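The values are calculated or read from the model by the stated rules, or taken from the named source; none is laboratory data. Note that the structure is a prediction, hence the values are computed from the model and not measured. Counting neighbours? That spans all protein chains shown, and the Cβs are built from the backbone with ideal geometry, glycine included.
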């Protein structure tokens, strides 16, 4: 079964710290998503990547296709960034199989 | 513009009953996908519909079915409910097939089976 692994599972940091969350997957993909989920369940799509790097405000997402690895970075972290961050991939030719999700990284930013 | 909407927000059902969950996509989006998220786990793919046709199905039993209407809204039906069906059910819409377009998620329907 194709898996998506995220690390760390839990992360607590102080406000202002630089945050990195990692995601690795097992076979070729056509796209990778980074999602944010707040308590209560709502999911927000942060990035959709197939190569390279994307930046939106304080968030940066990178992907290395050869190494099958992606990272989500948060600069100048803030307590409002506290959430679960989920990596999800669409395997190549697997559109019919939908997204495969990681278990998420629980991030807490303390003031 | 309104985002993806789902109804109801919360639902409590008894084992053996049937349930219908509803999803309205963002205006102009033609694809709807359904996901199940059990507490403490990442979501799992159930169905993708595009232009009213099933375009993908996850590893779920036949008790789960869905359809998409001409206005692109969608319903997810679950028959013969089991305790294990208790979960947050998420709907996501995209302009086209999820292979190529970003998905936008609704707030979810929390189903509790007792």
(message) Residue pairs, Cβ under 6 Å, 6 or more apart or interchain, first in region A:28-49 and more than 8 Å from chain B (Cβ to nearest Cβ), second outside any loop (DSSP other than H, G, I, E, B) and modelled with pLDDT under 85. List them.
(response) A:29/A:91
(request) For residue B:56, indicate whether it is within 21 Å of residue A:40 (Cα to Cα), surrounded by 17 or more Cβ atoms within 10 Å (Cβ to Cβ) and either within 13 Å of another protein chain (Cβ to nearest Cβ) or in contact with a helix residue (DSSP H, G or I) (Cβ under 9 Å, 6 or more places away or on another chain) (or both). (result) no
(request) Quick one: residue A:41 ticks every box in (1) farther than 19 Å from residue A:99 by Cβ; (2) not in a strand (DSSP E or B) except a single one, so which number is it? (result) (1)
(request) Just need a number here: residues in region A:57-111 that are in a loop (DSSP other than H, G, I, E, B) and more than 14 Å from chain B (Cβ to nearest Cβ). (result) 12
(request) Being surrounded by fewer than 21 Cβ atoms within 10 Å (Cβ to Cβ), under 14 Å from the mean Cα position of the chain (by Cα) and either more than 8 Å from chain A (Cβ to nearest Cβ) or part of a loop (DSSP other than H, G, I, E, B) (or both) is the filter here, so list the residues in region B:88-110 that pass it. (result) B:107
(request) Please work out which one of (1) part of a strand (DSSP E or B); (2) surrounded by fewer than 19 Cβ atoms within 10 Å (Cβ to Cβ); (3) within 14 Å of chain A (Cβ to nearest Cβ) is the condition residue B:12 fails and give its number. (result) (3)
(request) Give just the number: which of (1) within 13 Å of chain A (Cβ to nearest Cβ); (2) surrounded by fewer than 24 Cβ atoms within 10 Å (Cβ to Cβ) does residue B:28 not satisfy? (result) (1)
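Every residue, every condition in (1) under 17 Å from residue A:86 (Cα atoms); (2) surrounded by 19 or more Cβ atoms within 10 Å (Cβ to Cβ); (3) within 14 Å of chain A (Cβ to nearest Cβ), yes or no:
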| residue | (1), (2), (3) |
| --- | --- |
| B:43 | yes, yes, yes |
| B:48 | no, yes, yes |
| B:65 | no, no, no |
| B:69 | no, no, no |
| B:73 | no, no, no |
| B:80 | no, no, no |
(request) Starting from residues that are over 21 Å from residue A:80 (Cα atoms) and within 14 Å of another protein chain (Cβ to nearest Cβ), keep the ones in region A:7-27 and report whichever is surrounded by the fewest Cβ atoms within 10 Å (Cβ to Cβ). (result) A:25
